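The structure appears below as structure tokens.
Every number in this text was worked out from the coordinates using simple rules, so none of it is lab data. Please read these numbers as outputs of a predicted model, since none were measured by experiment. Please note: Cβ atoms are built from the backbone with ideal geometry, for glycine as well, and neighbour counts cover all protein chains shown.
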Amino acid sequence: MIEKAVDLIETLEFVLDYKRVPECLVKEKDCPCPPNDGDPMGCYVPEERKVYICIDRIKNFIKEYEIKCDYEMVRNIVSLHEHIHAYFHQKLGQFYNLNNHVEEPVTEFLTFYTIFSYKQEYINCFLQINKHLLRHYQYWEFIWGKSSPYITLTYNNEHISIKDFVSELLRSYNKEVVFKTLVETIVIILKHTVGKDWNTFRKEMEFSFLKVFNINLKISLLEGGVKL
Ligand SMILES: [Zn+2]
């Protein structure tokens, strides 16, 4: 069962059919990630199809921002975020050319949503880290509906957030089906808005999310849900 997955990356493998890329833990001198732009503690290098985790930067980040969770937990969260970039690369292929102001909040959203679905004890640590990242990394809150102006879905004649939509779905479908369908829906919307800015992505989410979601849900259920 999925609860016995060794780590969250294994969850992505089981539920999303993600093909795990190699992950290298490196000291500062071997860290290829730009220090002041983008992810501060690791990166996914598409040309190499590899995830790098920069251990000194994780230690410094914990110290500098007084993050109250242990090193392993922060490292696992950083690793999850980077593997989600790799997952986008696999799913988008030649279209993997996303606007950074869309890719980072969506990656943070899926990092949060994976934790929310499979490892809730990480939520507090995720929130502590996220608030010290660049502003657009916090836009995940608008996707989830944690803060306004959030993405609004019109469902059963009501305006609701994705957060409320997910809790509604969890009454009828199992967690894996909801998780897989939601993530795959977001990937399709990313594909439709490659290279476009945040507002275009946001409008596309509001405009076509439910339509794409319903198609994906039917496919998922016809396939017999998620095979584990
Ligand atoms: Zn990132």
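Here are some notes:
- Distant-in-sequence amide contacts of LYS50, defined by a placed amide H-H separation under 5 Å and a gap of 5 or more residues or a different chain, comprise VAL45.
- Sorted by Cβ density within 10 Å, fewest first, the residues TYR18, TYR155: TYR155, TYR18
- Cysteines in the chain that lack a partner Cβ within the 4.7 Å cut-off: CYS24.
- Fewest-first sequence of GLU82, GLU47 by Cβ atoms within 10 Å of each Cβ: GLU47, GLU82
- For the peptides 201-208, 26-33, 136-143, 111-118, residues were scored by their other Cβ atoms within 10 Å and the scores averaged per peptide; the highest-first order is 111-118, 136-143, 201-208, 26-33.
- GLU47/ASP197 FRET efficiency (R0 25 Å; Cβ-Cβ; nearest 0.05): 0.50
- Positive dipole terminus of the stretch 2-222, leading residue within VAL178, PHE126, PHE112 (C-beta point charges): VAL178
- Axial C-alpha extent at least 15 Å, average Kyte-Doolittle at least 0.5 - helices from the chain (DSSP): 175-192
- When you restrict to C-alpha pairs under 8 Å that are six or more residues apart and normalise by the size of the stretch 1-104, the relative contact order lands at 25 percent.
- Inter-probe distance in nm under a simple model that places probes 7 Å from Cα toward Cβ, at ASN124 and LYS175: 1.9
- Residues GLU66, GLU184 arranged by fewest to most Cβ contacts within 10 Å: GLU66, GLU184
- Between the stretch 139-181 and the stretch 1-74, the alpha-carbon center distance in angstrom: 27
- Under a model in which nothing but the beta-carbon of Lys, Arg (+1) and Asp, Glu (-1) is charged, the chain shows a dipole of about 300 debye around its Cα centre.
- When only the Cβ of Lys, Arg, Asp and Glu is charged (+1, +1, -1, -1), the dipole of the stretch 25-145 relative to its Cα centre reaches about 120 debye.
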